[in-house]
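Colleague: Handing you this structure, nothing more for now.
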Amino acid sequence: MSSLIVNQISGRGLPLIGDDIDTDRIMPARYLKELTFSNLGKYVFADEIIAAEKKGFAHPFVAPLFQGANFLIVNSNFGCGSSREHAPQGIKRWGIDCIIGISFSEIFFSNCYSIGLPCLTVTPQIAEEIQTIIAAKTETQISLDLTAGKLIVAGQAYPYLLDPGLQSAFTTGNWDQTKGLLDNEKLIAKKRQELPYLISNL
Amino acid sequence: MMGKTLYSKVFDLHTVSELKPGVFQLFIGLHLIHEVTTPQAFAMLEERGLGVKYPELTFATIDHIIPTKHTQRPFLDILSEDMASELERNVKKAGIRYFSPQNGEQGIVHVIGPEQGLTQPGITICCGDSHTATHGAFGAIAFGIGTSQVRDVLATQTLATQKLKVRRINVNGKLAPGVYAKDVILYIINKLGANGGGGYAYEYGGEVFDRFTMEERMTVCNMSIEGSARCGYVNPDQITYDFIKGRPYSPKESEWDARLKYWESIKSDPDAIYDDVVNYRAEDIAPMVTWGIGLDQSISIDSKLPANPEEAKMNLAGFTEAMEYMQFQPGEKITGKKIDLAFLGSCTNARVSDFKLVAELISQNNFKVAKGVQALVVPGSQKVKVELEKLGILATLANAGFEIREPGCSMCLGMNPDQLVGDQLCASTSNRNYKGRMGSPTGRTLIMSPAMVTAAAVTGEIQDCRNIFNIKN
Ligand code: SF4
């Protein structure tokens, strides 16, 4: 299981400014028609990229300066709306290893967790500060050590929140949940027998 | 002992184990699936050599990609055809019951659950779809999940989840004529914010909900996620039980009393403790319309667009972005805005009662769809369509110039041929006004009640349904 361990991540950041960025924007519906997730990295923010181009600037996901970045810094309620896992799948396949933001929609957060993509919560001031630092200097180094609980941006440590249970699931490579659920096979069968509305269907 | 909420009772009853502090393994009593969020889940199972644990607890249909016009197979769009065949292959292999177009049972997943009698009080329901909260109208704990969790539910009939807090939302008093369930939920989202429900399940109650039909309760619960509440529900009562009785999957006569006892037992206790309680007055609610690109960016039809970010409770960047995208000016009127399309459909408002109301409104004065406006009527399921036909409603609507389509998600999201073109403006009964939601990256959507969309369809512009149809106290 060692390949599933998510612990130390380092690299550069990509600031994406705006509240309530929904998953329809992250992954437009027409790209949900593929039977696998494998190509989704190419479609992240497809429409926003075109819209930005029309206005004469490069969306951060295509701006040359941010290519190769692996930390995504967002604002509040990121990933709201549709439950499509295609959104975090696309972000991950684009190359993002960690998302830092003020708040995340629950389904998005849980989808990220399910695919081994940590979402760290920080205060609005910190999110904006990190975004400003990176925007000013794109080569800014970011490093995260989940075991030590340390997030360092440009040499400075920033506090963040991540549920300790989830934190340890990442660092021990146990974020993939199917196995843990399967382990309780007997308890599941027992529950199936007990639920009042399922009894008669047996 | 302190009273418990329905959420807490049902959650505890379905808890299989505590996986780690605060993370519970929850048994899922009903798993609904559709073609878009499942192919990868089945592929992952196959990769891991796992089967579907309890196929009899999963039910499938096809709704998102299905065309509403050229429905013959193979579908014209190859990718859609692939998705459909993949679903059919997977359900066949796993032995999952499939509500298919061929047997006349197909529809939007959140319409057919209740229609088949599958949706019942006190059960846990999951679907790879954020509008699963719709089923909460029956007093079920229903929420949307991602594809990896669909995999988990298929493999184990359980998933790992955290327990939500519960916010009780009371709406007391009496709604004025011309104000509907859709207006109630848009009002609630406006008040609590699109971000306001994070970490909460919403329990809706009060006199307005006590009187609501099941369809109306579904409309409200459907949009819980638009307020960031992953789950929303109404406690079951006689109206719920009457709706369930006699459907294909409802409890049989011999089981009814026992089941009723269970349903009654999971209702929130009168002394239940809530994490938060909010109260609204029905009299304060007017027909609502969204003006922006988030569901809390809305106004009552008799007021003007917010003049500035403060009025809209937004930051400057977000406010400017929304106004620019919608091509609206701060402070202007929304009435009089010309629309290109009117869409009557989606899991929020595509049940028989919704179209019945539309037919009644247009019949009073022989209204016709305005010139230059395309007005789509997309029933939520094949059974809804058959019923509408029987009631003569489809004929009425067709005569008035509405285009009647086959059931599916249609305009609600840009995955099937029904899409906006360019920056068209659409008055819609669906649930999302996000940028590009209806398939065109610059398309614009105004969310409102079926009566309001009908008013827009017949006048060609955004108007107060109460004035157009002379709806008075
Ligand atoms: S009608 Fe719209 S919101 Fe409802 S399930 Fe279909 S796409 Fe989703």
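Colleague: So who's got an amide H within less than 5 Å of the one on A:Met27, skipping anything under 5 residues away but keeping other chains? H placed 1.01 Å off N, in plane.
Modeller: The list, which skips near neighbours in sequence, is A:Phe45.
Colleague: Compute the distance in nm between two label points, each set 7 Å from the Cα along the Cα-to-Cβ direction, one at B:Val421 and one at B:Asn170.
Modeller: For the pair B:Val421/B:Asn170, the computed spacing is 5.2 nm.
Colleague: Tell me the trypsin sites (Lys or Arg not before Pro) within region A:22-59 that lie in a loop according to DSSP and have at most 13 other beta-carbon atoms within 10 Å.
Modeller: A:Lys55
Colleague: Which cross-chain or sequence-distant (5 or more) residues have an amide H under 5 Å from the amide H of B:Thr445, H modelled 1.01 Å from N in plane?
Modeller: So B:Thr445 has HN proximity to B:Cys426.
Colleague: I would also like to ask the following. Between A:Asp145 and B:Glu18, take the C-beta separation as r, use R0 = 25 Å, and let me know the FRET efficiency to the nearest 0.05.
Modeller: E between A:Asp145 and B:Glu18, to the nearest 0.05, is 0.35.
Colleague: Given 4 °C and 1.567 mPa s, compute D for the protein assembly as shown with the Stokes-Einstein relation, Rh being the Kirkwood radius over Cα pairs; round to the nearest whole µm²/s.
Modeller: So the translational diffusion coefficient is about 51 µm²/s.
Colleague: Against the globular-protein guess of 2.2 N^0.38 Å, express the Cα radius of gyration of region B:216-267 as a ratio, rounded to two decimals.
Modeller: For region B:216-267, the normalised Cα radius of gyration comes out at 1.35.
Colleague: Using the Kirkwood radius over Cα pairs, work out the Stokes-Einstein diffusion coefficient for chain A at 20 °C and 1.002 mPa s, in µm²/s as a whole number.
Modeller: The estimated diffusion coefficient comes to 118 µm²/s.
Colleague: Which residues in region A:154-189 place their backbone N less than 13 Å from a point set 7 Å from the Cα of A:Gln8 along the Cα-to-Cβ direction?
Modeller: Nothing falls inside the zone, counting backbone N under 13 Å.
Colleague: Where Rh is the Kirkwood radius over the Cα pairs of region B:338-419, the temperature 37 °C and the viscosity 0.692 mPa s, what D in µm²/s does Stokes-Einstein return?
Modeller: 257 µm²/s
Colleague: Separate question: Hey, could you pull the Cα Rg and Dmax for region B:151-238, both in Å?
Modeller: Rg and Dmax of region B:151-238, Cα atoms, are 14.4, 49 Å.
Colleague: Quick one: 3J(HN,Hα) in Hz for region B:113-128, Karplus 6.51/-1.76/1.60 with θ = phi - 60°, rounded, Gly and Pro as x.
Modeller: Karplus values, whole Hz, x for Gly and Pro: x, x, 4, 7, x, 6, 6, 9, x, x, 10, 9, 10, 10, 7, x.
Colleague: In region B:156-227, which trypsin sites (Lys or Arg not before Pro) are in a loop and have at most 14 other Cβ atoms within 10 Å, using DSSP for the loop call?
Modeller: Here the sparse-neighbourhood loop sites are B:Lys174.
Colleague: Also: Kirkwood Rh, Cα Rg: Rg to Rh for region B:176-300?
Modeller: 1.01
Colleague: What whole-number value in cubic angstrom gives the convex hull volume per residue for the C-alpha atoms of region B:270-408?
Modeller: Hull volume normalised by residue count: 193 Å³.
Colleague: With all distinct Cα pairs included, what does the Kirkwood hydrodynamic radius of region B:403-473 come out to in Å, to one decimal, could you say?
Modeller: 12.9 Å
Colleague: Moving on. Considering all projection directions equally, how large on average is the shadow of the alpha-carbon convex hull of region B:18-96, in square nanometres?
Modeller: Answer in nm², one decimal: 6.8.
Colleague: Considering only the other residues whose Cβ falls under 11 Å of the Cβ of B:Phe138, what net charge follows from Lys and Arg at +1 and Asp and Glu at -1?
Modeller: My count for the surroundings of B:Phe138 gives 0.
Colleague: Per residue, how much accessible area does chain B have with a 1.4 Å probe, in Å²?
Modeller: For chain B, the solvent-accessible area averages 34 Å² per residue.
Colleague: Further, regarding this structure: Nearest 500 deg cm²/dmol is fine: what mean residue ellipticity at 222 nm does the protein assembly as shown get from its DSSP H runs of n ≥ 4 alone, each adding -39,500 (n - 2.57), divided by its residue count?
Modeller: Calculated mean residue ellipticity at 222 nm is -9500 deg cm²/dmol.
Colleague: Using the basic label-point model (7 angstrom from Cα toward the beta carbon), what is the A:Gln125 to B:Asn473 distance in nanometres?
Modeller: Modelled inter-label distance: 5.1 nm.
Colleague: Apply the Karplus parameterisation 6.51 cos²θ - 1.76 cosθ + 1.60, with θ equal to phi minus 60°, to every residue of region B:177-189 and state each ³J(HN,Hα) to the nearest whole Hz, in sequence, with x for glycine and proline.
Modeller: Once rounded to whole Hz, the list reads x, x, 10, 10, 3, 4, 5, 4, 6, 5, 5, 4, 5.
Colleague: Now, a different point. Am I reading the A/B interface right? What is its buried accessible area, both sides, 1.4 Å probe, to the nearest 100 Å²?
Modeller: Approximately 5000 Å², summed over both chains.
Colleague: Over region B:54-206, what per residue volume does the convex hull of the Cα atoms give, in whole Å³?
Modeller: 161 Å³
Colleague: Based on alpha-carbon positions alone, could you give the equivalent ellipsoid semi-axes of region A:94-188 from the gyration tensor, as √(5λ), descending, whole Å?
Modeller: So the equivalent ellipsoid measures 30, 13, 12 Å along its semi-axes.
Colleague: How much length is gained on full extension from B:Ile78 to B:Arg281, taking 0.36 nm per residue of separation minus their Cα-Cα distance?
Modeller: Full extension from B:Ile78 to B:Arg281 adds 68.0 nm.
Colleague: Using a 1.4 Å probe on the protein chains only, how many percent of the accessible area of region B:143-248 belongs to carbon and sulfur?
Modeller: 47 percent
Colleague: Could you state the number of Å between the C-alpha centres of region B:397-426 and region A:3-41?
Modeller: First find each Cα centre; the distance between them is then 29 Å.
Colleague: For region A:82-97, list residues with backbone N below 19 Å from a point placed 7 Å from the Cα of A:Val62 toward its Cβ?
Modeller: Residues A:90-96 qualify, since their backbone N sits under 19 Å from the label point.
Colleague: Which ³J(HN,Hα) values in Hz, rounded to whole numbers, follow from the phi angles of region A:11-28 under the Karplus curve 6.51 cos²θ - 1.76 cosθ + 1.60, where θ = phi - 60° and Gly and Pro get x?
Modeller: Here the 3J(HN,Hα) series is x, 10, x, 10, x, 10, 8, x, 8, 6, 6, 8, 6, 5, 6, 5, 9, x Hz.
Colleague: Can you work out the base-10 log of I(q)/I(0) for chain B at q = 0.07, 0.11, 0.12 1/Å, using the Debye formula on its C-alpha atoms alone?
Modeller: The Debye formula, applied to the Cα set alone, gives -0.34, -0.88, -1.06.
Colleague: If you don't mind, there's one more thing I want to ask. Using a 1.4 Å probe over the heavy atoms of the protein chains, calculate the carbon and sulfur portion of the accessible area of region A:1-160 as a whole percent.
Modeller: 56 percent
Colleague: How would B:Trp263, A:Trp94 rank on accessible area, largest to smallest, probe 1.4 Å?
Modeller: The residues order as A:Trp94, B:Trp263, largest area first.
Colleague: Under 5 Å between amide hydrogens, which residues at least 5 positions from B:Ala370 or on another chain qualify, with H placed 1.01 Å from N in the peptide plane?
Modeller: Under 5 Å from the amide H of B:Ala370 lie the amide H atoms of B:Val458, B:Thr459, B:Gly460, each far enough along the sequence or on another chain.
Colleague: Right, next: How high is the FRET efficiency between B:Asp257 and B:Glu389 when r is their beta carbon distance and R₀ equals 30 Å, given to the nearest 0.05?
Modeller: The pair B:Asp257/B:Glu389 has a calculated efficiency of 0.25.
Colleague: Something else about it: Round to a whole number: what % of the accessible area of region B:1-136 belongs to carbon and sulfur, probe 1.4 Å?
Modeller: In region B:1-136, the share of accessible area belonging to carbon and sulfur is 58 percent.
Colleague: Once the other residues with Cβ under 11 Å from the Cβ of B:Lys69 are scored (Lys, Arg +1; Asp, Glu -1), what is the net sum?
Modeller: Taking every Cβ under 11 Å from that of B:Lys69, the sum is -2.
Colleague: Give me the Kirkwood hydrodynamic radius of region A:33-102 in Å, from all C-alpha pairs, to one decimal place?
Modeller: It is 13.1 Å.
Colleague: If you don't mind, there's one more thing I want to ask. What is the average number of partner chain Cβ atoms found within 10 Å of a Cβ in B:430-436?
Modeller: 5
The values are calculated or read from the model by the stated rules, or taken from the named source; none is laboratory data. Fair warning: this is a prediction, and the values are worked out from it, not measured in the lab. We place every Cβ from the backbone using ideal geometry, glycine too, and count neighbours over all the protein chains shown. To get the accessible areas, we keep the full protein, side chains included, count just its heavy atoms, and leave off ligands, DNA and RNA. Shrake-Rupley method; radii C 1.70, N 1.55, O 1.52, S 1.80 Å.
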